[in-house]
């Protein structure tokens, strides 16, 4: 893992490309939790409902259809001129329409970041737990939780002061992921925190480069089910590195301005 300014610019370019995806998170126009009662969904034709782990639609335009969804799984497909995502979250099924003409997507001008600061690229060691444990964190959706496996805490120093952050396993990787908040959260950066990867080194240490701290999708839209940072992962310092709060946010009331300093 290279953490030079040039490599960071490549990462930033990839982030911008991802957010500008015509059917990515910024194209989502709604988030609807399905029940066993048929309901219409703004932006999609037909009546939609769920029974068990299956989503159903009765549509005079396209006919009747059903899709089984794996626990915590998701599928997406073209439907009636747009992209539709079906997902399982906390045992409930949701529908999210994705429209490439969504105003939020059209207004996106790129990720806003701090300048690259090498002082926020640190070496961390893993303070391993006796055994990996499940850590349950909250969500931006009230009453919802997310569960992750943690091997322990990453310990590191910034300007001579030691800090530790609970880390989570990454699938099929020796690298780890950290969800954290700091004293910029809710002001310059998004309030529920940011995510950063810790890259495993041959000597067993980790490179934790906060310049690669990224926003959760919920920083851009109400129509997300993102986790919030673990309570213990609040740093008492300002991590002025990585992504800042986006300029705009897609809400149930429309596109709203956010102050990004």
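The values are calculated or read from the model by the stated rules, or taken from the named source; none is laboratory data. None of the values given here were measured: they were computed from a predicted structure. Neighbour counts run over all protein chains shown; Cβ positions are idealised from the backbone, glycine included.
Of the residues 11, 49, which single one is in the same structural domain as residue 199 (by TED's automatic domain parsing) and either assigned to a strand (DSSP E or B) or in contact with a helix residue (DSSP H, G or I) (Cβ under 8 Å, 6 or more places away or on another chain) (or both)?
On the way: 49 fails: in the same structural domain as residue 199 (by TED's automatic domain parsing).
Result of the check over 11, 49: 11.
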Worksheet entry | Matching residues, the stretch 124-154, being surrounded by 15 or more Cβ atoms within 10 Å (Cβ to Cβ) and under 17 Å from residue 204 (Cβ atoms) | 124, 125, 126, 151, 152, 153, 154
Worksheet item: Is it true that some residue in the stretch 87-99 is outside any strand (DSSP E or B) and either touching a helix residue (DSSP H, G or I) at 6+ places or on another chain (Cβ under 9 Å) or within 25 Å of residue 20 (Cβ to Cβ) (or both)?
Response: yes
Discussion item. Residue under question is residue 119, and the condition is that it be surrounded by fewer than 17 Cβ atoms within 10 Å (Cβ to Cβ), in contact with a helix residue (DSSP H, G or I) (Cβ under 6 Å, 6 or more places away or on another chain) and either outside any strand (DSSP E or B) or at pLDDT 95 or above (or both); does it hold?
Written reply: no
Discussion item. With the condition being more than 20 Å from residue 241 (Cα to Cα), I'd like the strands (runs of 3 or more DSSP E) fully within the stretch 123-215 carrying at least 1 qualifying residues.
Written reply: 145-158, 161-169, 194-200
